[in-house]
Amino acid sequence: MSETSTSEKRPRLIRRKRDLNADEPTTVGWVRSLIGAPAVLSILWPAILLVAGYAAWQTWWADYFAVTFHGINVQQISVTPPPDYVRTDIIDAVYTETAMKDMSLLDPQVSAKVASAFASHPWVHRVVGVRKKAQGRLDVRLDYRLPVAMVYVVDPKTGPGFLVVDGEGTLLPSDFAPSETDHYLHIIVPGAYHTGRLGSPFGDTRVHAAALLARLLAPHREDLKLQSIGVHGDLRQNPIVQLEIANQDGERWFWGSPPGEEVAGEIPARMKLQAMLAGVPTGTDLRQVQLQP
C-alpha cells in the first residue's frame, strides 16, 4: 500500500513541474519574452526598473538613511578647542538646550540651524562655519569671547561679588574661582547691576564704557600694575562716561572718554596708553598729555 501511495505522489509532483514550465513561465522566461517583445512593449522596461528600485528603497535603504541622517549624534560633533578659561562643555550644553537631536542632516538648512544653536551659547562670540563630514559628523568652528574684567556688584540676596564681562560689556558665565578675580581688571561702578542674561549686554552704559577700556588695557595689566577702572564725574553733567584708572597702590590716572568716543581736543586712546607705557606719572590727566619726541 505504501508503494501505491508513493507512485501516486511522484507523478503528481512531476506533472506540476511540467505544468509550471508549460503554462506559467518562470521569471527568467518572462524577462526574456519582454526583451524580445516589440518596441512598444519594451518601453515598459525602464518603468519596471524604477518601480523595482523604489520598492527596494522602501524595503531596505529608507530605514538606513532615516537612522543615519535623521537626528544629530552628539558624539559626532566637534568644535574648535575652547580656551582654558571656558570650563563648560560647549557641545553638551548646546545639544541639551537646543533641538539639535531633532534636526536632520538631510535638511538643506541644517548647517544654518546648527550655527544658530551654537551662537546662542554665552561663550561663543560668533560661529565661523559649520562643515558636514562623512559618516554624519559635524565640524563647528567657533570664535570664543574673551573675558577682560570683573564687575563689582552687590546682590541684594547674596551680597557683594563679581560678574565677568568681555571687551564689549557682554555678561559671561562666572566659572571662576574667587582667587582668579585678581587676574582681571576690576570695574567699580556705584550701583551697577546687570539687567541682561548670560551672553547679552550687561545693561549699564557705564560698565560698557569701562569694558571697552579694559579690553585695551588688559594685555598691559601686569606691566602697569593696574587694579581697577572706575567712573569719574556725573553723567548728568557729561553724557559721555568719564573713566579713571587705579593701580595696585591706589594711585590714579584720569583717562577721560571711552576708547573711540573721544570728544573734540581729546587725544585718542592709543596715545593715552602709549603715555602710560612711557611712564607718565599717576595723577596725570591723560586727555591732554603730550608725548615727548
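The values are calculated or read from the model by the stated rules, or taken from the named source; none is laboratory data. Given the structure is predicted, the values throughout are model-derived calculations rather than measurements. FYI the Cβ positions are ideal-geometry reconstructions off the backbone, even for glycines, and counts take in every protein chain you see. Note: areas computed on protein heavy atoms with side chains; ligands, DNA, RNA excluded. Shrake-Rupley method; radii C 1.70, N 1.55, O 1.52, S 1.80 Å.
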Q) Restricting to the stretch 143-293, what percent of DSSP beta bridges are antiparallel, rounded to 5? A) 75
Q: Whole number in Å², please: accessible area per residue of the stretch 157-293, 1.4 Å probe, ligands, DNA and RNA not counted.
A: 53
Q: Report, in whole Å, the centroid distance computed from the Cα atoms of the stretch 114-174 and the stretch 73-109.
A: 14
Q: Nearest 5 is fine: what % of DSSP beta bridges in the stretch 128-196 come out antiparallel, could you say?
A: 80
Q: Work out the count of Lys pairs in the stretch 84-243 where the Cα-Cα distance is under 21 Å, with the pair 8 or more places apart or on different chains.
A: 5
Q: Mind giving me the nanometre distance, one decimal, between the label points for Asp234 and Arg126, set 7 Å out from Cα along Cα→Cβ?
A: 4.1
Q: Starting from the amide H of Arg145, placed 1.01 Å from N in the peptide plane, find each other amide H under 5 Å away whose residue is 5 or more places distant or on another chain.
A: Val124, His125
Q. How do Lys157, Lys101, Lys272 stack up against each other in accessible area, from largest to smallest, with a 1.4 angstrom probe?
A. Lys157, Lys101, Lys272
Q: Express the carbon and sulfur contribution to the solvent-accessible surface of the stretch 152-219 as a percent, rounded to the nearest whole number, probe 1.4 angstrom.
A: 59
**Q.** Under the Karplus curve 6.51 cos²θ - 1.76 cosθ + 1.60, θ = phi - 60°, whole-Hz ³J(HN,Hα) for the stretch 153-170, x wherever Gly or Pro sits
**A.** 9, 10, 7, x, 9, 9, x, x, x, 10, 10, 9, 9, 9, x, 10, x, 7
Q) For the stretch 94-139, what is the accessible area per residue in Å² when the probe is 1.4 Å? A) 55
